[in-house]
Each structure stands twice: as C-alpha cells, then as structure tokens.
Amino acid sequence: MKIYKDIITGDEMFADTYKMKLVDDVIYEVYGKLISRTGDEIKLEGANASAEEVDEGTDTNVESGVDVVLNHRLVECFAFGDKKSYTLYLKDYMKKVLAKLEENSPDQVDVFKTNMNKAMKDILGRFKELQFFTGESMDCDGMVSLVEYREIDGQSIPVLMFFKHGLEEEKC
C-alpha cells in the first residue's frame, strides 16, 4: 500500500486503496464514498442497523462524510470565499511545488508547467461547485485538495482532486 503525503506539510492526504485516476499527469482524482461511522464501526450511508445493533437509551457518536476525508483526517477549509482568493493561494502554492520539483525532480518541471495551467483553467471554471480540504495540520501553506460531486452511474459520487507534484509516495 502507498500513502500519499503533502510535500510541504507532511500531512497524509490519501492512500492507493481507493479507486483513482491520474488526469493530464498532474492531478489525481480519487473516488470516495459517503459513509457513516458509529464508534469504531463503519457503515455505508443508508444502511439499516439490524435489531441486535439497536441500543436504546445510550448516546452514540455518529460521524458521517466522505471516506477519504474521514480516514485521512482531512479538514474542510473555508478560506476561499471567491475565485480570486483561491487563485492567489494557487499561484503561491504552485511556486513552492515548482521549487521542490526543480530541486528533487527536474525532469518533471516541464510536465508540471504545461499541464497544470490547462488543469487549473478547467477547475477554476467549476469553482462554485468545489469544497476545499487541508491536511490534518490545517496548514493552508500546504496542499488544499478539492472535492466535487459528479453523477456517475446515476449516483452522486465525491471526487477528490490532489496535485500529483505536491505529493510524495510512502510505501507501507
């Protein structure tokens, strides 16, 4: 198994255990599921508890959300009220990633520069439909991943987007 971590903060962002796709060699799209958890147990959204599982009279802590977000402790970030503030963040973040690439993977610099502009133009066109998540440290200097819901096979599926060049792979 591989864990993908933010190269700036070291935060764990996702693992290769999810269905994923690399788009334009710059963005990983990771396909999540909506889940609900009661305590240590994980249940799919909409599943019914059996009679044995119903425990009347006690308060239970139920956590619901996207599995990737919950499993990797991503935190929703509300720092971007408009496209302009997100674009400013993105320019600053991309400079940091470019510096890391020039230092560690100079062969990837051209791929990053060429393909990232196209990818970001596409993403900025859907800005109002996106949610933003930071890693567990909540450090907005690092990667802010994107989540959008897409209709796939008649279901609304959360698709998380991560910048490939802003990640390092760690084998577990």
Exercise for review: Check off (1) modelled with pLDDT of 90 or more; (2) touching an Asp or Glu at 6+ places or on another chain (Cβ under 9 Å) for ARG150 and give me the number that stays unchecked.
Suggested key: (2)
Check your understanding: Does any residue of the stretch 103-124 turn out to be out of contact with any strand residue (DSSP E or B) (no Cβ under 8 Å at 6 or more places or on another chain), at pLDDT 90 or above and either basic (Lys, Arg) or not in a helix (DSSP H, G or I) (or both)?
Key -> no
Practice item. Hey, can you tell me all the residues within the stretch 46-84 that are of a type in the set (D, E, K, R) and at pLDDT 80 or above? Key: GLU63, ASP67, ARG73, GLU76, ASP82, LYS83, LYS84
Study note, to complete from the structure: Listed by first then second residue, the pairs whose first member lies in the stretch 95-106 and is on the phi > 0 side of the Ramachandran plot, whose partner is open to solvent by 50 Å² or more (accessible area, probe 1.4 Å) and assigned to a helix (DSSP H, G or I), with beta carbons under 8 Å and at least 6 positions apart or on separate chains, are none
Review point. Which ones in the stretch 140-172 are open to solvent by less than 60 Å² (accessible area, probe 1.4 Å), closer than 23 Å to SER85 by Cβ and among the charged types (D, E, K, R)?
Key: GLU148
Study note, to complete from the structure: Here the qualifying pairs (Cβ atoms under 9 Å; residues six or more apart or on different chains; first in the stretch 71-90 and within 14 Å of LEU146 (Cβ to Cβ) and touching a residue at least 24 places away in the same chain (Cβ under 8 Å); second of a type in the set (Lys, Arg) and part of a helix (DSSP H, G or I)) come out as LYS83/LYS128
Check your understanding: Applying the selection to the stretch 77-121, what residues are open to solvent by 70 Å² or more (accessible area, probe 1.4 Å) and within 17 Å of the chain's Cα centre (by Cα)?
Key -> PHE78
Review point. Consider ALA15 against the criteria (1) modelled with pLDDT under 90; (2) in contact with a Cys (Cβ under 9 Å, 6 or more places away or on another chain): it satisfies all of them except one. Which criterion is unmet?
Key: (1)
Check your understanding: Which of the residues belonging to the stretch 11-42 are without any contact (Cβ under 8 Å) to a residue 24 or more places away in the chain and at positive phi?
Key -> GLY39
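The values are calculated or read from the model by the stated rules, or taken from the named source; none is laboratory data. Only a predicted model underlies this, so the values are computations on that prediction, with no experimental measurement involved. Cβ coordinates were reconstructed from backbone atoms using ideal geometry, including for glycine residues, and neighbour counts include every protein chain displayed. Note: areas computed on protein heavy atoms with side chains; ligands, DNA, RNA excluded. Shrake-Rupley method; radii C 1.70, N 1.55, O 1.52, S 1.80 Å.
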